[in-house]
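Here the structure is laid out as structure tokens; the discussion comes afterwards.
The values are calculated or read from the model by the stated rules, or taken from the named source; none is laboratory data. Worth saying up front: this structure is predicted, and the values here are computed from it rather than measured. Note that each Cβ is placed from the backbone with ideal geometry, even for glycine, and that neighbours are counted across all protein chains shown. Note: areas computed on protein heavy atoms with side chains; ligands, DNA, RNA excluded. Shrake-Rupley method; radii C 1.70, N 1.55, O 1.52, S 1.80 Å.
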Amino acid sequence: MNLEKENKFAKQINETFHSAVVKVQRERRIIVELRSDLIPPFLSFAKEYLSFIHMAHYSCVDWLEENKFELVFMLWSYEEDVMLIVKTKIDREKPEFVTIKHLWPQAETYEREIHEMYGVDFKGNDRLGEFILEDWDDLPPMRRDFDTVKYAGEHYFTRPGREDAQDVRETIARHSGEEIPDFAKKYSIRRDEE
Amino acid sequence: MINDKYANKIVDIIQNFARKSSLWVVAYGTGCGAIEIPPTMTSRYDAERFGIRGSATPRQADVLLITGYLSTKTLKRVIRTYEQMQDPKYVIGFGSCTINGGMYWDSYNTIKALDQYLPVDVFINGCMPRPEAVISGFIKLQELIKEGKANGAQKYKENLEWYRENQRKVIKNWKMPDYNW
Ligand code: SF4
């Protein structure tokens, strides 16, 4: 594995941002973890000086146990063919961050989605209204403490399933006179034979 | 003077024959199942053999084909589409999502049983049903029409209160027009 260009980037990042934890994961993958207040300068540094001009993805991870949200940015450099993954953790109780739409206009849409699905408030983004969901008045649904099974059970009519919970393979085999192979039999135990 | 009863019967037979032989389907694709409609309509399976065609607007259509899961947002549009359609009108529920939720049974944003909100004449099961299954569902609908049993629209009108109540349960911000049919 030739990690020359990746290590070069890692060195450049460490020289400018001393607190950044840089890890070269493999060829074409660099992961940077950073304090959240350093993210806007870091992203513009990556864009202007390190040639990561393309923001490929922007998402959020819920670390319920740590009481943190993690924002993940994926940047791509066309010149060096390297992906830079930037991660930062923000407070989960009062999730706030600044918009980065001045760097990449498409970030606005990602921010709207993160706002709707996790409830993160992006300062400076004025389009954080209703996005995909309509008239949603519960917890943001992608948070891990939102119980989707419970919500669906309470709000939507549930049609009960078949009582016998029987594997249909036997029924089909009986009709068509087909042999069920031995290894498959243990998956299709009929209730009345148990 | 012909006996009224027989005259009505003959009219019914002709009417049902005409209805069953020309089913225009609203081009409204929801969920993943809509991807099976192009092969059904084009040369390989050629649904037009059975008089099934696409129509551009709900007001000219006979069949509303619900091709999969419905989010509550889409359900609102589907109800409006259905209510704009002229009689005679039929609904086909397509895929397991319309029957019991399918693989979206635990989703926070999709309804699980379509017939709670709209009167369904025929269900086609499968995830997703192949064009053969779609065509067999349509043929089943044609049989029902021929026998005069596809009366979902009638059911909807008679039990409008019940349907409205269910619809209002999932559509929170109710801004729907009232129709006086
Ligand atoms: S039944 Fe299957 S194919 Fe159809 S909408 Fe549901 S998940 Fe998609």
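Each peptide in B:26-38, B:49-61 receives the mean, over its residues, of other Cβ atoms within 10 Å, and ordering these scores from highest gives B:26-38, B:49-61.
Here's the picture: charge each Lys and Arg Cβ at +1 and each Asp and Glu Cβ at -1 in the range A:4-130, and of A:19, A:124, A:44 the one pushed furthest to the positive end of that dipole is A:19. In this calculation the C-beta distance from residue A:38 to residue B:32 is compared with R0 = 45 Å, giving a FRET efficiency of 0.60. In the calculated pair distance distribution of chain B, what percentage of Cα-Cα distances lie above 26 Å? Cα-Cα pairs in chain B separated by more than 26 Å: 30 percent. Its alpha carbons give the range A:4-130 an Rg and a Dmax of 14.4, 45 Å.
Interface A/B, total buried accessible area with a 1.4 Å probe, nearest 100 Å²? Summing both chains' loss of accessible area gives about 1800 Å².
Panel note: contact residues of the range A:108-136 (accessible area lowered by at least 50 Å² against the chain on its own; 1.4 Å probe) correspond to A:134, A:135.
Using Cβ point charges alone (K and R +1, D and E -1), the dipole size of the range B:5-170 about the Cα centre works out to roughly 300 debye.
Here the label points at residue A:144 and residue A:171, each 7 Å from Cα along the C-beta direction, are separated by 4.0 nm in the simple model. Extending 7 Å from the Cα toward the beta-carbon at both residue B:10 and residue A:19 defines two label points whose distance is 9.2 nm.
Our estimate of slack between residue A:26 and residue A:98, defined as 0.36 nm per intervening residue step minus the Cα-Cα distance, is 22.9 nm. Note on residue A:89: lysines with a C-alpha under 17 Å away, same-chain residues under 8 apart excluded, are A:23, A:68, A:123. How many percent of the accessible area of the range B:5-170 is carbon or sulfur, using a 1.4 Å probe? Carbon and sulfur together cover 52 percent of it.
Between 0 and 90 degrees, the angle of helix A:39-48 with respect to the longest Cα principal axis of chain A falls at about 70 degrees.
Rolling a 1.4 angstrom probe over the protein heavy atoms, how many square angstrom per residue are accessible across the protein assembly as shown? Before the final figure, lay out each step's value.
Details: 21210 Å² over 375 residues.
Averaged over the residues of the protein assembly as shown, the accessible area is 57 Å².
Less than 14 Å from a label point 7 Å out along the Cα-to-Cβ axis of residue B:169: which backbone N atoms in the range B:80-121 qualify, by residue? Those under the cut-off are B:111-118.
Rounded to a whole number of µm²/s, how large is the Stokes-Einstein D of the protein assembly as shown at 25 °C and 0.890 mPa s, given Rh as the Kirkwood radius over C-alpha pairs? Walk me through the numbers on the way to the answer.
Numbers: Rh = 25.4 Å.
D = 97 µm²/s.
Once you average over the residues of A:150-156, how many Cβ atoms of partner chains fall within 10 Å of each Cβ? The partial results should precede the final answer.
Numbers: counts 2, 4, 10, 3, 0, 8, 15.
Counting other chains' Cβ atoms within 10 Å and averaging over A:150-156 gives 6.
First measure r as the distance between the Cβ atoms of residue A:183 and residue B:100, then evaluate 1/(1 + (r/R0)^6) with R0 = 25 Å and state the FRET efficiency to the nearest 0.05. Given R0 = 25 Å and the Cβ-Cβ separation, E is 0.25.
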